[in-house]
Amino acid sequence: MYIYQIMSNSFGYIDIILLGMIAGFIILRLRSILGRKTGHEPKIYPGFAEQKFNVPKNNVKTFKENHDVLEGDEKKEFLKGAEIAYETILTSFANGDTKKLESLLTVDMASNFKQAIVSRNKENIKSEFTFVGIKESSVEKYERIKNEVFASVKFVSEVISVKKDKDNKVIEGNPNKIKQVTDYWKFTRNILKKGPNWYLTEIISK
């Protein structure tokens, strides 16, 4: 009986040791796979109000200090945000969502869009809009003027856009036809303000 108790206790200790070793191994594996927080990870900055983007790890300093050029990973991230903003602005305008528009437009542009929506509502015109997708986007021009930076972007997109009168009769567009549209939009941001938020400041006619 005494020998049985000794063996049982020994096996209990061995089990605890084995479990501890297994747990330690799992923790080490997880740390090697997931990594550890060091306190120096790059912050996440909102490029446009509708979406957040990661600043490249090896380019955080350049992103903060160099405002004279837009290139490399920063340019790619900017275009991603610009495409989302482009779709959101077009869709929000068609839906008459002035609140969402205000988060993506300069004050003057927001006022222009709001006036167009009010005018459309007074005439009882309904806008039906479907954003199919973007075929192409590119930065046509980038410049810095004092504390403001400007980026002009060319968008080539496919949409279905229809306007109807109060009797639901189509007065513009075709609900069964995809239309290719080319737009030139200029975005701006103030480099002194916290967070690199871009806003639509101009729709360029070409």
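The values are calculated or read from the model by the stated rules, or taken from the named source; none is laboratory data. What you see is a predicted model; the values in this text were computed from it and never measured. Cβ sites come from the backbone with ideal geometry, for glycine too, and all protein chains shown count toward neighbours.
For the reader, a short list of remarks on this structure follows.
- Only listed residue being in contact with a Ser or Thr (Cβ under 8 Å, 6 or more places away or on another chain) and in a helix (DSSP H, G or I), chosen from A94, A116: A94
- Positions within segment 119-133 being over 19 Å from A82 (Cα atoms) and out of contact with any helix residue (DSSP H, G or I) (no Cβ under 9 Å at 6 or more places or on another chain), in sequence order: S119, R120, N121, K122, E123, N124
- The lone criterion from (1) outside any strand (DSSP E or B); (2) surrounded by 13 or more Cβ atoms within 10 Å (Cβ to Cβ) left unmet by V159 is number (1).
- Residues (over 26 Å from S138 (Cβ atoms) and hydrophobic (A, V, I, L, M, F, W, C)) located in segment 169-201: V170, I171, L192
- Scan segment 141-185 for residues that are within 16 Å of A82 (Cβ to Cβ), free of Cβ contacts under 8 Å to residues at least 40 places away in the same chain and of a type in the set (A, V, I, L, M) and the total you get is 2.
- Count of residues meeting criterion [within 20 Å of V69 (Cα to Cα) and either assigned to a loop (DSSP other than H, G, I, E, B) or not polar (S, T, N, Q) (or both)] in segment 129-156: 15
- Any hit, segment 168-190, residues being in a strand (DSSP E or B), hydrophobic (A, V, I, L, M, F, W, C) and loosely packed, with under 11 Cβ neighbours inside 10 Å: no
- For segment 120-139, taking the residues that are among the polar types (S, T, N, Q) and closer than 16 Å to K164 by Cβ, the one that is surrounded by the fewest Cβ atoms within 10 Å (Cβ to Cβ) is identified as N124.
- Flag for K193 being modelled with pLDDT of 95 or more and basic (K, R): no
- Screening N176, N190, N197, N168 for residues that are assigned by TED's automatic domain parsing to the domain that holds S152 and at positive phi leaves exactly one candidate, N168.
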